[in-house]
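A.B. asks: A single structure is presented below for examination.
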Amino acid sequence: MGAETPDDIDRAAIAEHAQHMAEQSALRKVRKALDGIKEAETRERRSLRKVLALCAVLAVVGAWFVWGLLFGGSDSRREPPMKVPGALQPKQ
């Protein structure tokens, strides 16, 4: 095998450099995509927490309302019903 000519060395260096740049660009794109996925997951977790908190509040309010309907009126004292006379007295 003969010695490589300077043109071959330059072409090999240029090809190696181009390959390196392409790999770096691909790695940056992948990293950017992974960062976007991570941010989306974080937003999704936050919104899920808010929805679960809202559901918990609504469940407590609903339980309080149902409890009031079922057991709220039994303890309150009511006035006795008005007595209606059996027969009307004629006016004099």
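Just so it is clear, none of the values below were taken in a lab; they were calculated from the coordinates. The shown structure was predicted, so the numbers you read here are calculated from the model rather than taken from an experiment. Cβ placement follows ideal geometry from the backbone for every residue including glycine, while neighbour counts extend to all protein chains displayed.
A.B. asks: Give me the net charge for the shell around D35: Cβ to Cβ below 14 angstrom, other residues only, Lys and Arg +1, Asp and Glu -1.
C.D. replies: +4
A.B. asks: In debye to the nearest 20, how big a dipole does the stretch 1-69 give about its Cα centre with +1 on each Lys and Arg Cβ and -1 on each Asp and Glu Cβ?
C.D. replies: 980 debye
A.B. asks: Then there is this: So what are the ³J(HN,Hα) numbers for the stretch 12-23, from phi and the Karplus equation (6.51, -1.76, 1.60; θ = phi - 60°), rounded to whole Hz, Gly and Pro as x?
C.D. replies: Couplings: 5, 5, 5, 5, 5, 5, 4, 4, 4, 5, 5, 5 Hz.
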